[in-house]
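Down below is the structure, laid out as structure tokens.
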Amino acid sequence: MRVAKPAALAFVAAIALLAARDASAHRLDEYLQAARIAVEPDHVLLELDLTPGVAIAGTVVADIDRDRDGSLSQAEQQDYAGRVLETLDLAVDDRPVTVRPGTATFPEASALLRGEGTIQLRTRLSLPAQSAGAHHVLFRNRYRRDISVYLANALVPASDHIAVTAQHREADQRDLTIEYQVRTGRSDSPAWWLFGGVTMLAGWRAVNRYW
């Protein structure tokens, strides 16, 4: 198991705290969609947090609560998660990867209506064997462009065999391209932790013009 140096861990923790603070400050009439993607040797982890502002929370809840009984049933949650995931595009080296349902965590409808709840979607997508060298992942979010603002970032890989080398975003952060290297050797350099933290900070700061 790789153990990160304390300084690297402290830096990444500071970035995470800053990101959490900024995410909580999104406008009340917007649906904040924050995507995080981790590339590993045999899979991609995709995390999507959906946080509606109080002014549009009623619209979001109505879209989930199809029977209008004031609660979000398990079936309604699964249906909504599936509809969201259908609008996400993922490709590795320009080959499409089907985004399949994983786990979904929903707050109570009352919390969403108060503007205090976040829907969390998590899925693990298997990849075929990857050759050593340069690769790239393209992520695109097409869900609810009419009311949404977007964030997208790469997570620091857990494996020493993957090294993220660059992140490229469209201005609205609906699209993210992650460039990475598959390596056969082992590297314990903390430089990749620093890179991950700096690029995450740049991504969160880039969305400030919407606020």
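Only the coordinates and a few stated rules stand behind these numbers; no lab work does. Quick caveat: nothing in here was measured; it's all calculated off a predicted structure. Reconstructed Cβ throughout: ideal geometry from the backbone, glycine too, with neighbour counts over all protein chains shown.
By the scheme Lys and Arg +1, Asp and Glu -1, what is the net charge of all other residues having a beta-carbon under 13 Å from that of Ala152?
Spelling it out: positives minus negatives among the neighbours equals -1.
7 Å from Cα along Cα→Cβ at both Asp146 and Thr184: what's the point-to-point distance in nm?
Roughly 5.4 nm, to one decimal.
Using 7 Å Cα-to-Cβ label points, what is the Arg83/Thr98 separation (nm, one decimal)?
Here the answer is 2.2 nm between the modelled labels.
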